[in-house]
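Taking it in order: structure first as structure tokens, then the write-up.
The values are calculated or read from the model by the stated rules, or taken from the named source; none is laboratory data. The structure displayed is predicted, hence computed values, not measured ones. Reconstructed Cβ throughout: ideal geometry from the backbone, glycine too, with neighbour counts over all protein chains shown.
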Amino acid sequence: MKINQDFTNEEEIPSPIEVMDTGMDFIYENLIKPMETKLSEEQLKIVSIIGAAFRAVANQAEAMDQLQKSMENFDNQDNSRN
């Protein structure tokens, strides 16, 4: 995957959750599913735990993005109390 350093169109930037979902779908379809019968129950459990950890990281990143956007909106408002 090539990422353009000058890319600034925030409307086209996928959310952390979308990025994680796309990546996990690819990993499942191309790596896990073809090997599923060869993986032990323990290995499948570990893959599942890793997926849950990735989901938690994506959710935290999404929350940070939303917080940052709300802070930018707050900074752009007229907050004077005259």
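Descriptive notes on the structure:
- Residues located in the range 1-45, provided they are at pLDDT 90 or above, surrounded by 12 or more Cβ atoms within 10 Å (Cβ to Cβ) and outside any helix (DSSP H, G or I): SER15, LEU39
- Test: residue in the range 50-60 that is more than 19 Å from the chain's Cα centre (by Cα), surrounded by 11 or more Cβ atoms within 10 Å (Cβ to Cβ) and without any contact (Cβ under 8 Å) to a residue 24 or more places away in the chain: no
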